[in-house]
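What follows is a single structure, written as structure tokens, with notes after it.
Where a number appears in this text, it was derived from the coordinates with a stated rule and is not lab data. These numbers were taken from a predicted model, which means no experiment stands behind them. Using ideal geometry, Cβ is built from the backbone for each residue, glycine included, and neighbour counts are taken over all protein chains shown.
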Amino acid sequence: MNTSNGHHFSEQVIDARKALKSLQQSDGHWIFEFEADATISAEYIFLQHFLDDIDAEEERKIATYLRNIQADHGGWPLFTGGHLDLSATVKAYYALKLAGDDPEAPHMRRAREEILARGGAARTNVFTRISLALFGQVPWTSIPIMPVELMLLPKSSLFHYSKVSYWSRTVIVPLLILMALKPRARNPRKIDIKELFVAPLEKEGSFISNPTGTLLGTAFVGLDKLVRLIEPSFPQSRRKKATEAAVAFITERLNGENGVGGIFPAMANTVMAFDALGYPGDHPHMIVARRAVKRLLFMREDHGYCQPCLSPTWDTALALYALMEAGEPPDNQSLERACEWLLEREITDTPGDWSWKRPQLKPGGWAFQYRNDHYPDTDDTAMVIMALHRANPNRYQEVIERGSNWVLGMQSKTGGWGAFDAENGHHYLNNIPFADHGALLDPPTADVTARCLSMLAQLGYGSDHPAIRRGVDFLIQEQEEDGSWHGRWGVNYIYGTWSALSALNAVGDDHHAPHIRKATKWLKDRQRADGGWGEDCVSYKEERHYEASSSTPSQTAWALLGLMAAGEVKSEAVRRGVSFLESVPREGANWKEDLFTGVGFPRVFYIKYYGYSAYFPLWALARYHNLMNGHHALTNGNGRRVGYGI
């Protein structure tokens, strides 16, 4: 055993802590790879061919990456080990063909056979069909109608862009311009994918479907038909005004080289919208929009891919917290640099889109990316505040107060917190034909609510505070019948249950309370024979049911942190989980982990956070050693020693 800052840790914790510190950037932050499925990289190739501005080396490396991640079943899944996803497979196939792959090559032939066996490219989702429409592969009549005139509707209307989530908003607005102008990709090599259609498009039948199968969905399909009939009669003056409104929305949120919304789909749509509007390549807006997309590329010597966004704030806050848990003195130069880096990214001057629902609330949050001032989120903000508070509550008091006040103000009427918006629960919108991805909204969720509660408890808010009471009530209501909690932003029930148990522990809930014991039993019952925990992304299927996978270090760490928060530090389950983490190979800071454990949109878009296998296992092992040696960091309002908020 080694000693650090008065605490005893294993050699593995000491080594992992040093390795994580060594990955810190010179200005104080951490940034890890952020990998999605094939679709983002395929769309990057689409963008180059849309513009006829093809970087041969980038294309070569991305094509290599796409071939490398093709699954044994012949297609491309949404996550490692997943079933073939038709839309991802069509995009990957078309991207490889655009890049020069022979359609009769074995890997292309296998993919094509699988696509045709599933009904062909006409059966892909709305966003894929939009990409195909831009290349003239499907007619625009195959796309649910979304007239740009939506920009002029009042907020009280049935559909207004303020009623959807931030990610939907930033993707849709430039898309409205594209759907109005219907530009055609330059497609310099004149590549088509006619071979991916089972029948001629005109014989495929209606493309506009009811995404939910409900009566309301049927009504929206009827509305789609009606709007499609009358759209040609819309006054051109109104279309011009609506287009100008869309452009104004985008340009206000260009966000420099960090891009609109900080996410690839919004950035790529913005570049194509500017091009369709006739912006020359040297237009300042076009230059900055294209640079933002380029920053997402992650290139190695032999292959590369496009990241969906960048995660420095999240990575830095979590790495900082894990290092302090592992005994790193918060006043050393490394951690102070990290805190200062976070301070520089506090958003204090921009009343973002969240202010539409909270006009009197003062800014004071953090975004997930390097900069995304219109879109701070409560999850990152809570995590940053907990890290700063743990590092030096007096030094950072003013910042902590601003951020916590913003988080308090973002609590929804239900008692829970969404990620980016308050009161963003207009669930009827998931019935519109355009919403076949089912990820249009940002309602309150258990995991984000748990993080906000953990922050408030760490700052000393008592269990009798109204925000705490309402948040706890929300969590209890969200608990599943089997005792777990659904995890919106991490896979899945393990993530949600860890988050909820940490928050309930921090606010002083009795470890013997029925809901705590039920959750504890659920975690113990899901422990695998090797001592670890693992959960498959399939858990996000419609019927909301846990699906086991092979054990992963990050999910094992979450389960351990949840059990320890429930008073189980000396249990056999925790001992076996710790043994599992101690046995997993580690390369530098990262425990070996190949599976996706992060989520963009359930059932649609998953993420591999490369940082999760670095800071979460370190955090869990350090927490175990701290608790076993009697080290508790904080005392809550009831006098019970509970550790830090999370």
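With axes computed from alpha carbons, what is the tilt in degrees of helix 333-344 against the longest principal axis of the chain, rounded to the nearest 10 within 0 to 90?
50
Counting other beta carbons within 10 Å of each Cβ, put 14, 40 in order, fewest first.
Arranged by neighbour count, lowest to highest, 14, 40 become 14, 40.
Going toward the positive end of the dipole of the chain, with +1 on Lys and Arg Cβ and -1 on Asp and Glu Cβ, which of 563, 221, 330 do you reach last?
In the chain, that residue is 221.
Where does the chain land at 222 nm, in deg cm²/dmol rounded to the nearest 500, when only DSSP H runs of n ≥ 4 count, each adding -39500 (n - 2.57), divided by all residues?
-14500 deg cm²/dmol
Taking the convex hull of the alpha carbon atoms in the chain, what volume per residue do you get, in Å³?
In the chain, the Cα hull volume divided by residue count equals 152 Å³.
For every other residue with a beta carbon closer than 10 angstrom to the beta carbon of residue 606, add +1 if it is Lys or Arg and -1 if Asp or Glu, then tell me the sum.
Value of the local net charge: 0.
Highest mean first, how do 538-546, 400-408, 416-424 rank when packing is the count of other Cβ atoms within 10 Å averaged over residues?
The most tightly packed comes first, giving 416-424, 400-408, 538-546.
For a test of the definition: using alpha carbon positions, the gyration tensor, and the 1.5 limit on a/c, classify segment 415-479 as rounded, prolate or oblate.
Because a/c hits 1.5 or more and a/b exceeds b/c, segment 415-479 counts as prolate.
Based on alpha-carbon positions alone, could you give the equivalent ellipsoid semi-axes of segment 83-180 from the gyration tensor, as √(5λ), descending, whole Å?
In descending order the semi-axes read 33, 13, 12 Å.
Indicate the gyration tensor shape class of segment 341-444 (rounded, prolate or oblate), computed on the Cα atoms with a ≥ b ≥ c the square roots of the eigenvalues: a/c under 1.5 is rounded; otherwise a/b larger than b/c is prolate and the rest oblate.
Verdict is prolate for segment 341-444.
Find how much the distance from residue 198 to residue 11 grows on full extension, using 0.36 nm per residue of separation minus their present alpha carbon separation; answer in nm with one decimal.
61.3 nm
What ranking of 164, 399, 227 emerges when the number of other C-beta atoms within 10 Å of each C-beta is taken as an exposure proxy, fewest first?
227, 399, 164
Where in segment 276-348 are there chymotrypsin sites (Phe, Trp or Tyr not before Pro) that are in a DSSP coil and have at most 12 other Cβ atoms within 10 angstrom of their Cβ?
Answer in residue order: no site qualifies.
Can you tell me which aspartates and glutamates have their Cα less than 14 Å from the Cα of residue 18? Leave out same-chain residues fewer than eight positions away.
By straight Cα distance, residue 18 reaches 325, 328, 587.
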